[in-house]
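Report on the following structure.
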Amino acid sequence: MLDLLRKIVQEVNAAADLTAVLELIVQRVQRAMRTQVCSVYLLDEEQHFCLMATQGLNPEAIGRVKLPPGKGIVGLVAERAEPINLEDATVHPAYRLLENTGEEKFHAFLGVPVIHQRAVLGVLVVQQQDKRRFDAGEEAFLVTLSAQLAGVIAHAEATGAVIRSAQNSRKDQDRLFAGVSAAQGVAIGRAVVIAPPADLRAVPDKVARDIEAELAHFSQALASVRHDIKVVGRSLSRHLRSEEQALFDVYLRMLDDNALAGEIESRIRQGSWAQGALRDVIQEHVRMFSAMEDPYLRERASDIRDLGRRILAYLQQASPVELQFHDNTILIAEELSPAMLGEVPTDRLVGLVSVHGSGNSHAAILARSMGIPTVMGVVDLPYTRLDGRELILDGYGGRLFINPSDDLSEAYREILRGEELVAAELATLKDLPARTLDGYQMPLWVNTGLVADVVRSLERGAEGIGLYRTEIPFMIRDFFPSEQEQTETYRRQLSAFHPRPVTMRTLDIGGDKALPYFPIEEENPFLGWRGIRVTLDHPEIFLVQVRAMLRAMEGLNNLRIMLPMVTSVHEVEGALKMIDQAVAELQEEGLELQRPPVGVMIEVPAAVYQVRRFARRVDFISVGSNDLTQYLLAVDRNNPRVAGLYAAYHPSVLRALEHIAREAHKENVTVSICGEVAADPAGALLLMAMGYDVLSMNATNLPRIKSAIRKVTLQQARQLHRQIRGMDDADRIQQLLHSSLNEWGLGSLSRPDSPVV
Ligand code: PEP
Ligand code: MG
């Protein structure tokens, strides 16, 4: 059964479009379950369940039969969002004879809902003439299949809509794709898609600019692949039996002019660029082979896919795509990375979209620090079809609109105008203190990492750096930077901010932060080799970095060193020992310096309960609430599927934050916070009420936070905190924060209401 399931899913996955997907489903299910009817109903724009494909009912009824939710047994399955299995559907009170379908003769009925991201997309139905209940095995089969196919159907539907909307049809205007808000703001612009290398599925549609040149590229790539296959075939010839050897001949024949190559060339002649022609022809052949009954022939689908990938790699090598940036570029990538952010001239970049990742991924954090509206985790986005298309990105609501109507564009332009007004007002605060109406002053520091952060932070009146993410300069290189290079980089931060304090975090890699030259492959990277765990295992990396920081500090003395991802006291002691060693080495060299203040980040639940022990050994404590939230709530900060569960104001998170501040103060050690919650006006007010000594945040949001603090009294913030301490639901807490901020006139600092679509 499992094999059969897998085969159906594989085949459906390879289907060309929604119609083919649905036809395959009904054919395969009908055959696999030996039923007389299998049909799919999908929810249409009028919110009716429309018969989209059938095997066994009258095909003329396709597209005509429509049921409102709750009507008929199909509607009932959707309404209840659970399977309905009936011996005789015709006697069920909800039964409604579907005219002209020929279904009157079928009695047995099994319908299961097709559910994607909690929404019912449709209903999958099997029917039979006999009066009998489908058995438990049959029901389980259909439920499993439907759960697996829901994503494929959703994706095929979305792709179809995007292709139709390219023809600017009014019907497909304002097509919405939901993701996760990663950086606030609105962008109206044109898409530039960055595709991952050698991935056929990710090749974007493009028209050939020079057909002859495309043909020449293709023929060179083909010759290279032919050559590779011959070399591999020859080198393995002594180890292979003759029938295995023959496979290499099969591959070569597939590449013949009369086979794949001929078809690809003819598509290029019709105007497609070589990579697009290759993608289409390979996918068609993969589909054809995947559908074959014979298991040997079916396996050939993966050979064709492999050949396609090889040719694509050569094509991409020969003509690397020169990305053309529009004046208002919205950059779209499958997986946005810090290196990609560096590829676009920032004066042309107005928005960022990532199919993977979530609001607390590091790419999102960087986007916020650059102040670029960003949506991540748009998992159903057929992004390869979007190059050059007009889009609206709503970074407040985590939404992306394709083919926007004039009305929608105007509504968003209005929000942009409002943003400009707020920005102009905030700019006047630069030299004013973050002081509450009753005179309490809250130090506001910044988080940095990108080169541009320093200027932006100073422009916005930052009083210090609470977190310099040293791994960022490590990530945009091809090898570890030398001690001297690091010294120069760190010196720039220290002197630009002097005499203000600069907190440098030691290398924090692992999790979603990879160095291209130091790959860490792990099943569960967020619970793996991260932060201090890596650097304690590699003293040579740690010592070089600390020495570079110390050298950079000479004569400035405004450095603070911070240790990430600490779980146990012995890690702190091990790191302190190495820092002392580095200090001693440099003193021996004749440098005049002492150990700078060293602090520990509280990011792991185990650390929350050891704050006092850490505090006795170090000079300051800083909370990394991004990781702390992920570990307390067991929600991967990078996974859009559980983004809704990542609740910064969860009662447990708030309790932990309070506890940390109290415990650190018992040891007279200052406690700051550098996680993203400090960059939210509501979060900043709560942290102030909890007694945090410093709030550190991205430079973009600093003026908002200053404005919020200047408009309230400390007493008001404390009162709000007391009220929230008695609450036990994250959503309710969020609502109370929202309404309190509105009441205090701080609504415009959080988010405008998104237009209703
Ligand atoms: C944190 O985890 O809150 C933090 C500041 O570190 P990063 O986001 O870089 O993991
Ligand atoms: Mg962290």
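Flag: Val635 does not match the condition of being part of a helix (DSSP H, G or I) and either hydrophobic (A, V, I, L, M, F, W, C) or crowded, with 17+ Cβ neighbours inside 10 Å (or both). Candidates in segment 638-654 are the residues that are closer than 21 Å to Leu687 by Cα and within 15 Å of ligand 2 (Cβ to nearest atom); of these, the one that is surrounded by the fewest Cβ atoms within 10 Å (Cβ to Cβ) is Val653.
Can you name every one of the strands (runs of 3 or more DSSP E) wholly within segment 360-412 that holds 1 or more residues which are under 16 Å from Ala333 (Cβ atoms), within 16 Å of ligand 1 (Cβ to nearest atom) and in contact (Cβ under 8 Å) with a residue 24 or more places away in the chain?
Values: elements: 374-376, 390-394, 399-402.
Because the criterion is at least 1 residues that are under 16 Å from Ala333 (Cβ atoms), within 16 Å of ligand 1 (Cβ to nearest atom) and in contact (Cβ under 8 Å) with a residue 24 or more places away in the chain, the strands (runs of 3 or more DSSP E) in segment 360-412 that meet it are 374-376.
Keeping to segment 662-680, report how many residues are surrounded by fewer than 20 Cβ atoms within 10 Å (Cβ to Cβ) and either farther than 14 Å from Ile602 by Cβ or of a type outside the set (Asp, Glu) (or both). Going through segment 662-680 one residue at a time, the tally reaches 5. Could you go through segment 551-561 and let me know if any residue there is under 26 Å from the mean Cα position of the chain (by Cα) and within 16 Å of ligand 1 (Cβ to nearest atom). The answer is no; no qualifying residue exists.
Which one of Asp512, Asp580 is of a type in the set (Asp, Glu) and closer than 25 Å to Arg613 by Cβ? If you could, list the steps in order and put the result at the bottom.
On the way: Asp512 fails: closer than 25 Å to Arg613 by Cβ.
Result: Asp580 is the single residue among Asp512, Asp580 that is of a type in the set (Asp, Glu) and closer than 25 Å to Arg613 by Cβ.
Could you tell me which of the residues Ala634, Ala606, Ala615 is without any contact (Cβ under 8 Å) to a residue 40 or more places away in the chain and either among the polar types (S, T, N, Q) or more than 15 Å from ligand 2 (Cβ to nearest atom) (or both)? Break it down stepwise before answering.
Details: Ala606 fails: either among the polar types (S, T, N, Q) or more than 15 Å from ligand 2 (Cβ to nearest atom) (or both); Ala615 fails: without any contact (Cβ under 8 Å) to a residue 40 or more places away in the chain.
Within the list Ala634, Ala606, Ala615, the selection yields Ala634.
Count of segment 176-215 residues, restricted to those that are at pLDDT 90 or above and either in contact with a helix residue (DSSP H, G or I) (Cβ under 7 Å, 6 or more places away or on another chain) or over 22 Å from Arg310 (Cα atoms) (or both), is 22.
Of the residues Gln587, Gln630, only one is in the same structural domain as Phe542 (by TED's automatic domain parsing) and either within 12 Å of ligand 1 (Cβ to nearest atom) or surrounded by fewer than 22 Cβ atoms within 10 Å (Cβ to Cβ) (or both); which?
Working: Gln630 fails: in the same structural domain as Phe542 (by TED's automatic domain parsing).
Unique residue meeting the criteria: Gln587.
Among residues of segment 612-627 being out of contact with any helix residue (DSSP H, G or I) (no Cβ under 9 Å at 6 or more places or on another chain) and under 23 Å from Gly528 (Cα atoms), the one that is nearest to ligand 1 (Cβ to nearest atom) is Gly624. Assess whether Gln594 counts as being away from ligand 1 (no atom under 13 Å from the Cβ), polar (S, T, N, Q) and without any contact (Cβ under 8 Å) to a residue 12 or more places away in the chain. Here the answer is yes, as Gln594 does meet what is asked.
Check segment 520-536 and report whether any residue there is in contact with a Ser or Thr (Cβ under 9 Å, 6 or more places away or on another chain), more than 14 Å from Met601 (Cβ to Cβ), modelled with pLDDT of 95 or more and buried (at least 16 other Cβ atoms within 10 Å of the Cβ). Steps first, answer last, please.
Taking segment 520-536 as the starting set, the residues that turn out to be in contact with a Ser or Thr (Cβ under 9 Å, 6 or more places away or on another chain) are 531-533, 535.
Still in the list and also more than 14 Å from Met601 (Cβ to Cβ): none.
No, that holds for no residue.
The values are calculated or read from the model by the stated rules, or taken from the named source; none is laboratory data. It should be emphasised that the depicted structure is a prediction, and the values quoted were computed from it without experimental measurement. Positions of Cβ are generated from backbone atoms using ideal geometry, with glycine treated the same way; all protein chains shown enter the neighbour counts.
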